[in-house]
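Take a look at the structure below.
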Amino acid sequence: MTIKTNRVSSTLIRLSAATIILCGLLACGGGGGGSVQAGPAPITTPRDTTAPVITVIGSLAQTIPQNLSYTDSGASASDAIDGSITVVTSGIVANAVGVYTITYTATDKSGNSATATRTITVIAAAPTGPQAIDSGKWFHQTRLPNGNNWYNNEIQHYTNRMQNSYISDGTLKIVAIKESFTDQNRTKQFTSARLNSKYAFTYGRVDVKAKLPQGFGTWPAIWMLGKNINENGGYWQTQGFGTTYWPATGEIDIMEHWGSREQNYVSSALHTPSSSGNTYNVGGQYVATASTEFHVYSLDWNADRMIFSVDGVEHYTYSPNVKNASTWPFDADQYLLLNFAIEPSIASSFNEGEMEVDYVRVYAPNASSTADPVWADEFNN
């Protein structure tokens, strides 16, 4: 029995000691006032909520012609946490006129996304080869006005064929050709073109930038006639405005160049009832490169006078002291004509010549040098 008692006591002693040790470790006690000492707080990483930054390489808006293959220049992306990240590109640019969008997307490891876009506008491809003249602006006058020949003993047929007038490389070409051609039961040995503008106006400034043909017997002209002229086959006559015969309509010759008279001399003239045919209302100047370079031939027309110039250099002013129907039939609408005539004196060596026009512009009266024209043809068909 003694042995058993000792074993129980020994066991109790060991349990008491373990309890003391455990309570010491846990700082527990029955009213002993012990406390638990907290360990260091855990480290918490802030949540990433910032999206990547996308940089589109190149322009955000581009315009390309149809039939030109599009190659995208791409984009890059960077993230404050993840550094450089992958950009996913989506969208197509079709070979059709329209507006297309390329989208760039980048997503970081935290799921934050960013997008950027590029707009591609596909326009109609520029035409290749000769193009027809804008029929909304110009009329081909081809009818022989008196049934046999053109005025002033001109010996050509005017046609509406593209061989004689067309647009290419941003300029109008009026081409005179030595060829046998029959029209209106008349056979002639030369062809060319004569254009009437479908725009008529009273007062303003006209600028025509042109390069002239050369050769004895060639006769290019930039000029105007009253919209009311009664001339068979003229545009405005076909529209019902042909009530008045020349020269009562007035004629304004902005530029004429006679190869049979003097190469590189350009002239301007007015034809009125008081001065028609071999008019004395005329002036001009020499332009040394008239047939090798473009020059701007201008008319400044208001209610008091007309001023003619080349490249801003004036050579003639018309301002009669007495203005009446005989001296000044210029208070009504006039329209523009561009033509390349052939005189009977044409050189036997002539086979083909060209009058080239870069633009025709009409400005409002007293318009500033920076004003837009009220009517124009830049020949960019």
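The values are calculated or read from the model by the stated rules, or taken from the named source; none is laboratory data. Worth saying up front: this structure is predicted, and the values here are computed from it rather than measured. Methodologically, a virtual Cβ is constructed for each residue, glycine included, from the backbone with ideal geometry; neighbour enumeration extends over all protein chains shown.
Check the stretch 161-176 and report whether any residue there is within 19 Å of T218 (Cα to Cα), touching a strand residue (DSSP E or B) at 6+ places or on another chain (Cβ under 8 Å), outside any strand (DSSP E or B) and touching a residue at least 24 places away in the same chain (Cβ under 8 Å).
yes
When you check P373 against the structure, is it at pLDDT 95 or above, in a loop (DSSP other than H, G, I, E, B) and touching a helix residue (DSSP H, G or I) at 6+ places or on another chain (Cβ under 9 Å), yes or no?
So P373 does not fit the description; no.
Against the condition in contact with a strand residue (DSSP E or B) (Cβ under 7 Å, 6 or more places away or on another chain), part of a loop (DSSP other than H, G, I, E, B), on the phi < 0 side of the Ramachandran plot and surrounded by 20 or more Cβ atoms within 10 Å (Cβ to Cβ), how does A290 come out, does it pass?
Judged against the criteria, A290 is a match.
Would you check which residues across the stretch 268-286 are loosely packed, with under 15 Cβ neighbours inside 10 Å and assigned to a loop (DSSP other than H, G, I, E, B) and list them?
G277, N278, Y280
Give the residues of the stretch 103-145 that are in contact with a Phe, Trp or Tyr (Cβ under 9 Å, 6 or more places away or on another chain) and closer than 27 Å to S59 by Cβ, sorted by residue number.
The answer is A114, T115, A116, T117, R118, T119, I120, T121, V122.
Could you tell me which numbered condition N146 fails, if it satisfies all but one of (1) assigned to a loop (DSSP other than H, G, I, E, B); (2) in contact with a strand residue (DSSP E or B) (Cβ under 8 Å, 6 or more places away or on another chain); (3) polar (S, T, N, Q); (4) modelled with pLDDT under 95?
All conditions pass for N146, except number (2).
Tell me whether the stretch 40-50 contains one or more residues that are surrounded by 10 or more Cβ atoms within 10 Å (Cβ to Cβ) and modelled with pLDDT of 60 or more.
Yes: one or more hits.
Residues in the stretch 256-267: is at least one of a type in the set (S, T, N, Q), modelled with pLDDT of 95 or more and not in a loop (DSSP other than H, G, I, E, B)?
yes
So, in the stretch 75-104, exactly how many residues are surrounded by fewer than 18 Cβ atoms within 10 Å (Cβ to Cβ), within 25 Å of D48 (Cβ to Cβ), out of contact with any Lys or Arg (no Cβ under 7 Å at 6 or more places or on another chain) and not aliphatic (A, V, I, L, M)?
Matching residues across the stretch 75-104 total 8.
Go through the stretch 135-149 and give me each residue that's loosely packed, with under 14 Cβ neighbours inside 10 Å and either under 18 Å from S192 (Cβ atoms) or not small (G, A, S) (or both).
N146, N148
To keep it simple, each residue is scored yes or no on (1) of a type in the set (D, E, K, R); (2) touching a residue at least 60 places away in the same chain (Cβ under 8 Å).
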{"residue": "F241", "(1), (2)": "no, no"}
{"residue": "A248", "(1), (2)": "no, yes"}
{"residue": "M255", "(1), (2)": "no, no"}
{"residue": "W258", "(1), (2)": "no, yes"}
{"residue": "R261", "(1), (2)": "yes, no"}
{"residue": "S268", "(1), (2)": "no, no"}
{"residue": "S275", "(1), (2)": "no, no"}
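Listed residues Y316, Y297, Y235, Y335; which is modelled with pLDDT of 95 or more, crowded, with 17+ Cβ neighbours inside 10 Å, over 25 Å from L172 (Cα atoms) and under 36 Å from the mean Cα position of the chain (by Cα)?
Checking each option against the conditions leaves just Y316.
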